[in-house]
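The structure under discussion appears below in the form of structure tokens.
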Amino acid sequence: MFEFLTGSSFFFGALTLAAFGLGALCQKKWKLAILNPLLLATVFIIAFLLLTGIPNESYQAGCQSFTWLLTPATICLSISFYQQFQRLKKHLPVVCIGVLAGTLASLGSVYLLCKAFSLDKALTMSLLPKSVTTAIGAALSQELGGIAAITTAVIVITGVVGSIIGPLLCKLFRLKDPIAQGVAFGTSAHVIGTTKAAQMSELAGAVSSFSLTFAGLITTLILSVLAQFI
């Protein structure tokens, strides 16, 4: 019976949704930033796989449908930007400059750290797209000779850490403007950060959704050119 369940995509899909739901309940009850639903769901699923002895490959294959949904889910983030477009129109040049500066800072710092630790090209290309959404970063990494699995992991970690410490940094540096908050979250913490920005305000969420898309385009263009010299 157990072997039948583990061979079913429905079982792994239901397991993923249940783990995320449990993580959301934990965050709602204790209201701690560290109790991010995505982070808790990851921990719960890893623990379940270790306890049951189910291979990670079986879980990954069973959750392939979620992977297919990444791109359309990312595209849907543009809806909030469209709804707020009239309010954002006059701020677009400043937003674009902010996203460009943040993207360059991210790529530059990661590249310098990779050089400092003498990482090879495969690892360097795997880490460079850490601040873009998984739908873009994993495909870009694989195309340029990186390891998609490592890229996916660092993207998730970046998003979770960004959503946890982002509000604290906004308070610390008195970053109260929703447009500035949206640029910061979208550029540095992609989709997960955008979810947190949307909780802070509708405008911040809209700016963040635009920022993560624009950051993805900039990252793709820059890495496509620089990959030849790394």
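The values are calculated or read from the model by the stated rules, or taken from the named source; none is laboratory data. Values in this document were obtained by computation on a predicted structure and should not be read as measured data. In this analysis, Cβ positions are derived from the backbone assuming ideal geometry, glycine residues included, and neighbour counts consider all displayed protein chains. Just the protein is used for accessible areas: all its heavy atoms, side chains included, with ligands, DNA and RNA removed. Shrake-Rupley method; radii C 1.70, N 1.55, O 1.52, S 1.80 Å.
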Exactly one of these conditions fails for I157: (1) surrounded by fewer than 15 Cβ atoms within 10 Å (Cβ to Cβ); (2) more than 12 Å from the chain's Cα centre (by Cα); (3) under 30 Å from F12 (Cβ atoms). Give me its number. (2)
Counting just the residues of segment 164-210 that are among the aromatic types (F, W, Y) and in a helix (DSSP H, G or I), which one comes out farthest from L39 (Cα to Cα)? F210
Taking the residues in segment 206-219 that are open to solvent by 10 Å² or more (accessible area, probe 1.4 Å) and in contact with a helix residue (DSSP H, G or I) (Cβ under 6 Å, 6 or more places away or on another chain) as candidates, determine which candidate is nearest to S126 (Cα to Cα). I218
Considering only segment 104-133, state which residues are within 24 Å of T213 (Cβ to Cβ) and not in a helix (DSSP H, G or I). L128, P129, K130, S131, V132, T133
Within segment 53-72, take every residue that is touching a residue at least 40 places away in the same chain (Cβ under 8 Å) and more than 13 Å from G13 (Cα to Cα) and give me the one that is farthest from the chain's Cα centre (by Cα). I54
How many residues, within segment 183-214, are of a type outside the set (S, T, Y), under 19 Å from A101 (Cβ atoms) and touching a residue at least 40 places away in the same chain (Cβ under 8 Å)? 9
What are the residue pairs meeting all of these: first residue in segment 40-51, first residue touching a residue at least 24 places away in the same chain (Cβ under 8 Å), second residue outside any helix (DSSP H, G or I), Cβ atoms under 9 Å, and 6 or more apart or on different chains? F48/I54
Return the total of residues in segment 185-205 being open to solvent by less than 60 Å² (accessible area, probe 1.4 Å) and not small (G, A, S). 8
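Residues checked against (1) over 25 Å from G186 (Cβ atoms); (2) open to solvent by less than 70 Å² (accessible area, probe 1.4 Å); (3) touching a strand residue (DSSP E or B) at 6+ places or on another chain (Cβ under 9 Å):
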| residue | (1), (2), (3) |
| --- | --- |
| L25 | yes, no, no |
| L38 | no, yes, no |
| T42 | no, yes, no |
| I46 | yes, no, no |
| L49 | yes, yes, no |
| F81 | no, yes, no |
| V95 | no, yes, no |
| T103 | no, yes, no |
With respect to the numbered conditions (1) assigned to a helix (DSSP H, G or I); (2) closer than 21 Å to T151 by Cα; (3) out of contact with any Gly (no Cβ under 7 Å at 6 or more places or on another chain); (4) open to solvent by 40 Å² or more (accessible area, probe 1.4 Å), which one is the sole condition not fulfilled by I136? (3)
Selection from segment 15-48 of residues that are part of a helix (DSSP H, G or I), among the small types (G, A, S) and at pLDDT below 90: none
